[in-house]
Every structure is written in C-alpha cells, then in structure tokens.
Amino acid sequence: MFHFTNREDMVAMDLKKLLTNLHGFVQMPKETVNISSIEMDSREVKPGALFICVNGYTVDGHDFAKMAVEKGAVAILTEKPVDVGVPVIIVKNTKRAMAVLADAFYSQPTQKLHLIGVTGTNGKTTITHLIEHMFKAQKKKTGLIGTIEIRIGDQSYEVKNTTPESLTLQKTFHQMVEENVEVAMMEVSSHALDLGRVHGCDFDVAIFTNLTQDHLDYHQTMEDYRRAKGLLFAQLGNAYNHNHPKFAILNADDSATEEYIKSTAATVITYGIDNDSDIRATNIQMNNGGTTFQLSTPTETVQVQMKLVGKFSVYNVLAATAACLVSNMPLSIIVEEINKIEGVSGRFEVVDAEQDFTVIVDYAHTPDSLENVLKTVKQFAKQNIYVIVGCGGDRDRTKRPIMANIASTYSTEAILTSDNPRSEDPKAILQDMEEGVKQENCVTIIDREEAIKYAITKAKKDDVIVIAGKGHETYQIIGDQVLDFDDREVARKMIRERNL
C-alpha cells in the first residue's frame, strides 16, 4: 500500500478555505479548524484529520465517524447527520466531494505534471511501462500508477486497485510533484472512470488501446463498458490552450474509436495496422526472438527491430510512440529505445531454466488477450503448444466458455485450471469453462501447480507452454485466503525437478 514520506505533514489548510472549493453543502456547526490531512480509512486517521465517510461495498464509513474523532479527526464529511462533537459537513455524495477536496488540499498536483492516461481492455500496463522507459532515457523523472505498482522515480509501492480512489490519487500526485516528477503515466480502469476516481485529474494525453469483453460482472453490457472507457476522452475538456494542448490517441483498428472521436474536443491522433492512421505499422515480421516492422508517421518512415513479440506488442508500441511524439520526443530517440526494451513483467515473459522447450507466462485474462497471445505463439512454434488457463471467481461468467474455446482452438492441448477462484467453487468455474470446449484436446486439473507440472512433464524439445491469466501476480486467492503463488517460480521449480 502507498504511504507518504514526512512531506505530507507539510500540507495543511483552514477548513473554511478548503470548503470554498465545494458547493451545495451544509456545515454544522459553522466553526473553522485547521486540517492537516484528509482520510477515508478510519485506521489512517491522525490528529487534525478531515475524515470522509464513504459508503463502500462492504462497510459504511459513517459507522466509523466516532472512531475517527476519537483518533483525532477535527471534522467529518458525511452524507447524513452524525453526532460526533466536531464540525460535520453534509453533502449529497461524499465520493464526488472527496475528489474536489483532495484536488484542492494537495494544490491541484496534476496541473503541475505532464499526465498520460491509458485506458482499454488490454495493453495498459505494457504501454505505460514503454512510455516510462522512453522518458527515463531522456533523463526525465517519471511517476507511474498501474496494475503492478506505483512508482515514483526508482521507488516502488504496492497498489490495491489498477486505479486508486481519488484521495489516494491526489496524495500520490502531490508526492510526485514534491519529488520533482515531470511526467506521470497512469492506467485508467473502466471502474475508476465509472466511479469518478479520476475526477480532478488534468490529463494531457489520453490513450485508447482496444475494447473487448471484460468486466461484464460490473458493467453488465458491452455498451456500458464502452461508455465508461469513453469518459476519459470526454473529460479531456473543451478549452483550447495552445501552450497546454490535449491529445486523444486512439486505435484506428477498433470500432469504438469512432465514438471516442465524437466524445472529445482534444486533438485526435490515430494509430493502427489494418486501417489508415497517423502512426502506422506495415511489413510486420516476427519470430520467437522479436518483431520487425516499418513505422510510418505523417512526416517520416523508419524501420523498427524490437525484442517484443506479437501483433499486440506492435499495437502497444504504436500507442506509446504516439504519446511520446505528441510530448515532443524525437522519433529517432523513440525508435532507439523501442529496440532496447526487453519487456514487462508477466507480459509474454519467457521462463528460462535451461530447458529445451519454451515456457511463456502472460497476464492474458480476457478472450481477446488470450487469442492474441496464442496466435502469436502459433507463428513461431515448431512443435506442440500447451496452454494452461483458468478464469477468476466472482467475475464475469460469460467469458469462461469463450476462454476455454480459444485455448483449445489454438493449442495442441488445453489444460483448464484454477485462477483466483475467490469465493466460488473452483469446480463450478471449470464446469462453466468446459461448456465452451468442442475439441477433445482438453484436460481439467483443478490445482494450478499440478496443471503446470502436467504440462512441463509432458513437454518435448521445441514445444511451447503458455501459462495464462496471472502474469506478474505472486498470489492465488482461494476463499478468503491469499496464498503465495507465482506462475514463473512454479514453472522454474517444475523444470528443475524434471531435470533431476
């Protein structure tokens, strides 16, 4: 979890001044106090805090108002009256108010950063890491907020959500400003957009990767999922400031792009492979050692020879290239850095333990991402392809048979197994997956470690094993337990045991 340095103690504001940023509230009594921090978790409250009561999925913050005051909170923000003996500010929606107050309390930090947001079903992590790499090569201090971690300069912090709550975001951006970060990259999830977590974030560049089936447990329909992603581009704003331009970077090969073009007033830059676009890749050639292609911009065409593999990697590189170009980075330097990049943790990551077959670990957990990975593998695989795949519990059930069908279609043998079953019965999840399997080349092994062992024991020279779904994750969620589990380490262990 992200924690601040002592610099947070330097932030303080008079409550009356802070509330000038808020409209439509009732305060009782109308006295003012000095606010030294803002918290939405009562466990984090320190003397001088403004505590915000948020009604969450499992607990209601209003129930913790008295506890927060006992720990030193000097004011409470609520959606209903509470009797706690300190000033209470009542608003219609504490989450919306929290975004406004956090932005004001931390002095609008994103207006002091060059902020790049990336949304879409697949590719967000890779694109943000590619952009970070390129700016670091230019000796720029960077910040990154994503699925794997929060990173400020070279310091890393754990994260709970792909996109944190607005309060945590503004604290983080404030910390970045304090530590002289110039460029920040952020993965922006559809949940975060729909729930208003990025309200107050002043994006300079917004990138759309693609839209394929995912998160329908939350959004219910693809139309609503599409709408949520589009909020990032609609929120780029309507004002034109030629000293501070805004850019929407959109995938020309995805049908959602037409809607997003209509949603934004920002300058639109397109990238793609199949359709005409501002930034385009042609003559793509790939093998298990990398990918080459011609990269065309409106002004020049250059040759790229990178270590990343796959058509999906080309899309990621095009998006990152477009973001760097509109951020005034020369194309020659961009291409030089692209050719150096080894990859991102858990994204098409090769596990090498001196075996004579290939093991690839990838985060692919959607139908589209799994199909992209397996299509890429089929282009260079000399022998058999084994794919180990599962679907998470308490998540979109409709993609389960689709995932299994893709696994069996593109592999010699598909091994269906557990992947963070959470509160669901793993057998029930696998039964859902099995409904999508038409071929006979499929086996079900509930225990993920045994599934990996099965594939590695069976593999012969020049075969390829793809372990999909968890990527960089180092845990397995079973019931209410979070157990240590890393696909890469388990694979290495099984290869060593096989070689004994």
- region 450-488: number of residues that are under 28 Å from residue 125 (Cα atoms), acidic (Asp, Glu) and out of contact with any strand residue (DSSP E or B) (no Cβ under 9 Å at 6 or more places or on another chain): 1
- Before we move on, is residue 369 touching a residue at least 24 places away in the same chain (Cβ under 8 Å), more than 21 Å from residue 443 (Cα to Cα) and surrounded by fewer than 20 Cβ atoms within 10 Å (Cβ to Cβ)? no
- Answer from 268, 304, 344, 314 - the residue that is aliphatic (A, V, I, L, M), farther than 16 Å from residue 129 by Cα and buried (at least 21 other Cβ atoms within 10 Å of the Cβ): 304
- From the list 163, 172, 212, which residue is in a loop (DSSP other than H, G, I, E, B), buried (at least 22 other Cβ atoms within 10 Å of the Cβ) and not assigned by TED's automatic domain parsing to the domain that holds residue 37? 163
- Restricting attention to region 123-140, does a residue exist that is free of Cβ contacts under 8 Å to residues at least 60 places away in the same chain and not basic (Lys, Arg)? yes
- Item | All positions within region 150-204 that are of a type in the set (Asp, Glu) and under 30 Å from residue 242 (Cβ atoms) | 178, 179, 182, 187, 202, 204
- Task: Keeping to region 393-418, report how many residues are under 16 Å from residue 455 (Cα atoms) and part of a loop (DSSP other than H, G, I, E, B).
- Result: 5
- Flag if residue 495 is crowded, with 16+ Cβ neighbours inside 10 Å and either within 29 Å of the chain's Cα centre (by Cα) or free of Cβ contacts under 8 Å to residues at least 12 places away in the same chain (or both): no
- Would you be able to say whether some residue in region 225-233 is over 27 Å from residue 278 (Cα atoms), assigned to a helix (DSSP H, G or I) and modelled with pLDDT of 80 or more? no
- Those residues of region 45-77 which are at pLDDT below 95 and within 28 Å of the chain's Cα centre (by Cα) amount to 54, 55, 56, 57, 58, 59, 60, 61
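For every residue, the table says whether it meets (1) assigned to a loop (DSSP other than H, G, I, E, B); (2) buried (at least 23 other Cβ atoms within 10 Å of the Cβ); (3) in the same structural domain as residue 144 (by TED's automatic domain parsing); (4) in contact with a helix residue (DSSP H, G or I) (Cβ under 8 Å, 6 or more places away or on another chain).
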{"position": "329", "(1), (2), (3), (4)": "yes, no, yes, yes"}
{"position": "332", "(1), (2), (3), (4)": "no, no, yes, no"}
{"position": "355", "(1), (2), (3), (4)": "yes, no, no, yes"}
{"position": "364", "(1), (2), (3), (4)": "yes, yes, no, yes"}
{"position": "375", "(1), (2), (3), (4)": "no, no, no, yes"}
{"position": "382", "(1), (2), (3), (4)": "yes, no, no, no"}
{"position": "387", "(1), (2), (3), (4)": "no, yes, no, yes"}
{"position": "391", "(1), (2), (3), (4)": "yes, yes, no, yes"}
- Message: Just to be sure before I move on: is residue 193 within 13 Å of the chain's Cα centre (by Cα) and part of a helix (DSSP H, G or I) in the structure I sent?
- Response: yes
- Query: Of the residues that make up region 419-438, is at least one outside the structural domain of residue 147 (by TED's automatic domain parsing), under 21 Å from residue 355 (Cβ atoms) and outside any helix (DSSP H, G or I)?
  - Reply: no
- Specify the residue that is farthest from residue 344 (Cα to Cα); the eligible residues are those in region 264-277 that are small (Gly, Ala, Ser) and not in a strand (DSSP E or B). 265
- Complete set of residues in region 45-98 that are among the hydroxyl-bearing types (Ser, Thr, Tyr) and crowded, with 20+ Cβ neighbours inside 10 Å: 78, 94
- Item | Residue identified as over 23 Å from residue 201 (Cα atoms) and either outside the structural domain of residue 396 (by TED's automatic domain parsing) or at pLDDT 95 or above (or both) among 283, 251 | 283
- Message: For region 278-318, give me the residue count where each residue is assigned to a loop (DSSP other than H, G, I, E, B) and in contact (Cβ under 8 Å) with a residue 40 or more places away in the chain.
- Response: 5
- Listing of strands (runs of 3 or more DSSP E) fully contained in region 455-500 that carry 3 or more residues being at pLDDT 95 or above and among the aliphatic types (A, V, I, L, M): 464-468
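The values are calculated or read from the model by the stated rules, or taken from the named source; none is laboratory data. Please read all numbers here as calculations on a predicted model, not as lab measurements. Don't worry about glycine lacking a Cβ; one is built from the backbone with ideal geometry, like all the others, and counts go over all protein chains shown.
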